[in-house]
Each structure stands twice: as structure tokens, then as C-alpha cells.
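Participant: The following block contains the structure, expressed as C-alpha cells.
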Amino acid sequence: MAIACRLDELLTIRGMTLVELSEHVGVSTVNLSILKNGHAKAVRFSTLEAICIALECQVGELLIQVPDAAA
């Protein structure tokens, strides 16, 4: 199993842009884009917490397990 990030989907559902999220959480749009596109190798708990607060979601809604072939 692999871990996938649903950031793009949650942004769409919440009607928020990556730039707006960046301003709310204090993380650069470049770093959020890396996370959104599935290229991040690690994420700080403080960053996860800030994203979840801004998007009003749980970590399990943001990060999900997927079969390796679909990652």
C-alpha cells in the first residue's frame, strides 16, 4: 500500500486555492504543491495540523492508503 494525498480534492470541495491555503497555514505554495502532487517524502505534524484546521478535515481525509499500482 502507498499513501496518497487528497489535497487537490479537498481544496476543490472547500472552494479554496493553493495560494489561499498557503496564506492560512504559513507554508509556501511550492511546498504545498509538492504535497498535492504526491512528491513529498515527509510532512511535519505541525503542517498536517495546520492544513487540517484550515480545510476543516481530519488527517484521514487528507492522507489515504491506496494500492501501489494506483499511487
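The values are calculated or read from the model by the stated rules, or taken from the named source; none is laboratory data. Computed from a predicted structure; not experimentally measured. Note: ideal-geometry Cβ built from the backbone for every residue, glycine included; neighbour counts use all protein chains shown.
Participant: Please work out if ALA54 is aliphatic (A, V, I, L, M) and at pLDDT below 95.
Facilitator: No: the conditions fail for ALA54.
Participant: Any chance you could count how many residues in region 1-18 are in contact (Cβ under 8 Å) with a residue 60 or more places away in the chain and surrounded by 12 or more Cβ atoms within 10 Å (Cβ to Cβ)?
Facilitator: 3
Participant: For the subset of region 41-71 comprising residues that are within 16 Å of MET1 (Cα to Cα) and in a loop (DSSP other than H, G, I, E, B), which member is farthest from the chain's Cα centre (by Cα)?
Facilitator: PRO67
Participant: Name the residue that is farthest from ASP8 (Cα to Cα), counting only residues in region 26-40 that are of a type outside the set (Gly, Ala, Ser) and either more than 11 Å from the chain's Cα centre (by Cα) or not in a helix (DSSP H, G or I) (or both).
Facilitator: VAL27
Participant: Here are some conditions: (1) in contact with a helix residue (DSSP H, G or I) (Cβ under 6 Å, 6 or more places away or on another chain); (2) under 16 Å from ILE64 (Cα atoms); (3) not small (Gly, Ala, Ser). ILE3 meets all but one. Which one does it not meet?
Facilitator: (1)
Okay, residues lined up against (1) aliphatic (A, V, I, L, M); (2) surrounded by 14 or more Cβ atoms within 10 Å (Cβ to Cβ); (3) touching a residue at least 24 places away in the same chain (Cβ under 8 Å); (4) touching a Leu at 6+ places or on another chain (Cβ under 6 Å):
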{"position": "GLU20", "(1), (2), (3), (4)": "no, yes, no, no"}
{"position": "HIS39", "(1), (2), (3), (4)": "no, no, no, no"}
{"position": "GLN58", "(1), (2), (3), (4)": "no, no, no, no"}
{"position": "ASP68", "(1), (2), (3), (4)": "no, no, yes, no"}
